[in-house]
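Colleague: Sharing a structure here in structure tokens format.
What follows is calculated from the coordinates using simple rules that are stated; it is not laboratory data. In this text the structure is predicted, and so the values were computed from the model without any measurement. Every residue, glycine among them, receives a Cβ derived from its backbone with ideal geometry; neighbour counts consider all protein chains shown.
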Amino acid sequence: MALRRHLPSFWLIATLGGVAALCGYAYWWEQQLPDRLREAASRGDLQACLHYGEQLAALRWLDREAPIEKAICRRGQAEIAWQAGDSVQALNLQSQLVNSNVGSEEQRQKDRSRLRQWRDTLRKRALEQFRAGDLDKALITLQPLEKKGQRPGTQLSDSLRETWNRNKVDHERLKDRVERQQWWEALSLLNQLDHPWWQNHALPLRRQVEEAIQNLRDQQEHHSHGALPAHTVDPGRLNAAVEDRLASGMDPWSAFVAGCADLGGVLVEEGPESLCKVKRP
């Protein structure tokens, strides 16, 4: 019975003793870490330096300034990661370095400048990949720069997706207009493409459309020396009206429609062609 009465006190003492021993060891290890960190930095062991630095930050009970050696190791490791192509790790370490606010004002300014330079490099690289037609690679390149929780449509990746998808849709519409032989509408869609890759991708269609429009103009010129289709607006006057509208900044299809209206005509679809005919009284 006496033994049972003493058991709770024994376990309490054992527990408190264990906690005290653990705290004592943690305090002792904290005192060792700065020296170990400096030794790792002096021999160029950046991985060990960062490891000791993280342990030191976790163990410190007082908000004391991080050792300068940790900043040196973090700076070196960030450079190694950047040169190795690990942009995620490089930007992460460099951001931590800038936020730590350790070092002289001149050194902190250099650290901030390097972070901006790396971010600008990634943006330029992503835009080059995007213009070359590799949207997926561009989005991957931008991932280290993306901030979580941002409103949709506010980041560069959103703008790239919007531009790419818009050009893709316009190209599909362009193919449909070419198949229908609606040449003026097709030319308008061609001029709406504003992405270099899609513009180049549409070159065969552009040649087809421009050749067809030139054939129509040749036919109109031929008709001007002979009989015109019934109620058709004079081609020479129509071409002049369309050219005036184009000079004012209109797209080709809108210029054709407006030019026809300027001459009192109305647009009529006859087979694959769109004709400007005189309004019947």
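Colleague: Give a residue-ordered list of calculated ³J(HN,Hα) values for segment 154-169 (Karplus: 6.51 cos²θ - 1.76 cosθ + 1.60, θ = phi - 60°; whole Hz; x for Gly, Pro).
Modeller: 9, 9, 4, 4, 5, 5, 5, 4, 5, 5, 5, 5, 5, 5, 4, 5
Colleague: Say each of ALA84 and LYS124 gets a label point 7 Å from the Cα, pointing the same way as Cα to Cβ; how far apart are those two points in nm?
Modeller: 2.5 nm
Colleague: A follow-up question, please. For each of VAL233, VAL278, count neighbouring Cβ atoms within 10 Å of the residue's Cβ, then give the residues from fewest to most.
Modeller: Fewest to most other Cβ atoms nearby, the residues stand as VAL278, VAL233.
Colleague: Counting other beta carbons within 10 Å of each Cβ, put SER159, SER188, SER104, SER274 in order, fewest first.
Modeller: Least crowded to most crowded, the residues run SER104, SER159, SER274, SER188.
Colleague: Now for a different question. Can you list the HN-Hα couplings for segment 121-133, worked out from phi with the Karplus curve (6.51, -1.76, 1.60; θ = phi - 60°), rounded to whole Hz and with x for Gly and Pro?
Modeller: 4, 5, 4, 5, 4, 5, 5, 5, 5, 5, 5, 7, x
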